[in-house]
1. Where does each of 68-77, 98-107 land if you order them by average Cβ count within 10 Å, highest first?
2. What is the packing order of peptides 129-141, 177-189, taking the mean over residues of other C-beta atoms within 10 Å and listing the highest first?
3. Write down the radius of gyration of region 119-176 and its Dmax, each obtained from C-alpha positions, in Å.
4. Could you look at region 53-182 and say what percent of its accessible area is carbon and sulfur, using a 1.4 Å probe and all protein chains?
5. How big is region 60-217 in terms of Cα radius of gyration and Dmax, in angstroms?
6. Quick one: accessible area per residue over region 77-217, 1.4 Å probe, rounded to a whole number of Å²?
7. Using modelled backbone amide H atoms (1.01 Å from N, in-plane), which distant-in-sequence or interchain residues come within less than 5 Å of GLY101's amide H?
Amino acid sequence: MDRSTSKGLRRASLALGAALASTVLCATVSAAAPVGTSGRATSDRAAIGSAASPSAQHACPVVYFDLGETLVHTADDGSTSYLPGAAAYLRALREHHVKVGLITNVPPSWGATDSERAARLKREVDATWRGSAPFAWQDFGDRILTPRTDAERKPAPVLWQRAQAASGRCVLVYQAETTEEVQVAASLGYVPYQVEQPHRPAFLPVSLVELLGRLSR
């Protein structure tokens, strides 16, 4: 990661802490604890103000997720469905033109390429799906990253690094349910968010995702 990108991510991470603590930006997250900011906050008013400028409207945050127990839940009977709020959150990201991706462990034997393994993953999930609406695979495009070998399985950093390589200068967010995974993502420069934690939104609010992307420029 070059110096300018790293600087942008630090500013974005600091702004996230300030925004999560501020009812001005998002009243619904006024009680939320900052994630991945080491408890730091800033009043970077100039940067926040610049987010509304026309030149900032084409920023490109990319939000990556783990899949199981982050977006979907597998019940004891083997059926699979969205976790509460996940479908609405993906829909909100889609409406705001925020790109999303998956970084998820599957058996490397499921295919020789990411697209082959993704195709098998879709078949496996769809075969047990019991939700009222199908999983929104179309939102993820070719941004479904899976391990090519057992050594690449998370929490090894390879999948996050591959996502970085494919994302150019865009700020990257990673959301998952496990502390270990969000810590690894944070160590690689992602803005991390651990989902389904008490006293904070289930997912990183869309308004803050957009803000992070704008501040990373």
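The values are calculated or read from the model by the stated rules, or taken from the named source; none is laboratory data. No experiment lies behind these values; they were computed from the predicted model shown. Positions of Cβ are generated from backbone atoms using ideal geometry, with glycine treated the same way; all protein chains shown enter the neighbour counts. With ligands, DNA and RNA removed, areas are computed over all heavy atoms of the protein, side chains included. Shrake-Rupley method; radii C 1.70, N 1.55, O 1.52, S 1.80 Å.
1. Top to bottom by mean Cβ count within 10 Å: 98-107, 68-77.
2. Top to bottom by mean Cβ count within 10 Å: 177-189, 129-141.
3. In Å, with Rg to one decimal and Dmax whole: 13.7, 38.
4. 53
5. 14.9, 46
6. Ligands and nucleic acids excluded, the result is 46 Å² per residue.
7. For GLY101, whose amide H was placed from the backbone, the distant partners under 5 Å are VAL63, TYR64, PHE65.
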